[in-house]
Amino acid sequence: MSRVALVTGGSRGIGAAISTALKDAGCNVAATYAGNDEKAAAFTAETGIKTYKWDVGNYEACQAGIGQIEADLGPVEILVNNAGITRDAPFHKMTPQQWHECIDTNLNGVFNMTHNVWGGMRERKFGRIVTISSINGQKGQFAQANYAATKAGDIGFTKSLAQEGARAGITVNIVAPGYINTEMMSTIPEKVMNEVILPQIPVGRLGEASEIARAVCFLASDDAGFVTGSTLSANGGQYLV
């Protein structure tokens, strides 16, 4: 799979696993990040994957950043919209800033990135777009009205765009992870993990970032050319759709 792949939020957590897996599959990978220069530099040193810094919530920054990547590596053929944030609060305490920050990164960011590669993919008659949604975009979650709205919006966006891209050789799909063993999950108290979270998951464990990465690699591959508009739920049986 010798193609140029761009992974947003691609230097940490699930994004880092996706970037590395795509490189291992033969892709020439670029990873974006928003703020942690030290982590990004360490990721590049470890993997050889070049990182680029910008805010996916800014359309002009996406346009300029993608232009630089295409000048460095060639046309983007695979886009993985992974960048995402949470700003959790019960709705009666949620601020407009918390709402808009989530929308700007998790939903507007998917538009901004996809819109800036779409024309080239249409011209070349090939493209793979995979967006990382969430189980909470499928079922909702307490104190995550903002986050769940964005992740549900990503699914609707994907289903619509898949219909537009199909005849141009572009597939557009979703991976919706459940609880994944990342740095964020390590902050959860052991009692909460063992008594609240794990009992909800029929397979009895957290998912691994590498498992999400393998799902993305399949959807980005030539073998997945007949799969579009789909949501691949990777949640250990926690939520069935």
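What follows is calculated from the coordinates using simple rules that are stated; it is not laboratory data. Bear in mind that the values here come from a model prediction, so they are computed numbers and not experimental data. Cβ atoms come from the backbone with ideal geometry, glycine included; neighbour counts cover every protein chain shown.
Numbers below:
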| read-out | value |
| --- | --- |
| Considering only the chain, percent of DSSP beta bridges that pair antiparallel, nearest 5 | 0 |
| Neighbourhood net charge (15 Å Cβ-Cβ; Lys/Arg +1, Asp/Glu -1) for Asp88 | +2 |
| Dipole magnitude of region 4-233 about its Cα centre (Cβ charges: Lys, Arg +1; Asp, Glu -1), debye to nearest 20 | 440 |
| Expected 222 nm ellipticity per residue - DSSP helices of 4 or more, -39500 (n - 2.57), all of the chain, to 500 | -13000 deg cm²/dmol |
| Placed amide H near Val4: partners under 5 Å, 5+ positions off or other chain | Asn28, Glu77, Ile78 |
| Likely footprinting exposure, Ile180, Ile129, fewest C-beta neighbours within 10 Å first | Ile180, Ile129 |
| Pairs beyond 28 Å (Cα-Cα), from Lys93/Lys159; Lys93/Lys139; Lys159/Lys191; Lys39/Lys93; Lys23/Lys139 | Lys93/Lys159; Lys159/Lys191; Lys39/Lys93; Lys23/Lys139 |
| Under-5 Å amide H pairs with Gly127, H placed in peptide plane, nonlocal only | Ile170, Thr171 |
| Among Glu38, Glu164, Glu60, residue whose mean-square fluctuation peaks in a GNM of the chain (springs only between Cα atoms under 10 Å) | Glu38 |
| Contact order normalised by residue count of region 68-138, Cα under 8 Å, 6+ apart, percent | 47 |
| Unit charges on C-beta of K, R, D, E only; dipole of region 101-171, Debye | 360 |
| Sequence-separation-based contact order of the chain, relative, with Cα cut under 8 Å and 6+ spacing, percent | 20 |
| Centre separation in Å (Cα based) which lies between region 147-177 and region 48-67 | 21 |
| Rounded to whole Hz, the Karplus (6.51, -1.76, 1.60) HN-Hα couplings of region 188-198, x for glycine and proline | 7, x, 4, 4, 5, 4, 6, 9, 10, 7, 4 |
| Distance histogram for the chain (every C-alpha pair counted, 5 angstrom bins, percent rounded to whole numbers) | 1, 7, 14, 19, 21, 17, 12, 6, 3, 1, 0 |
| Listed residue (Thr171, Ala83, Thr20) projecting farthest to the positive dipole end of the chain, Cβ model | Thr171 |
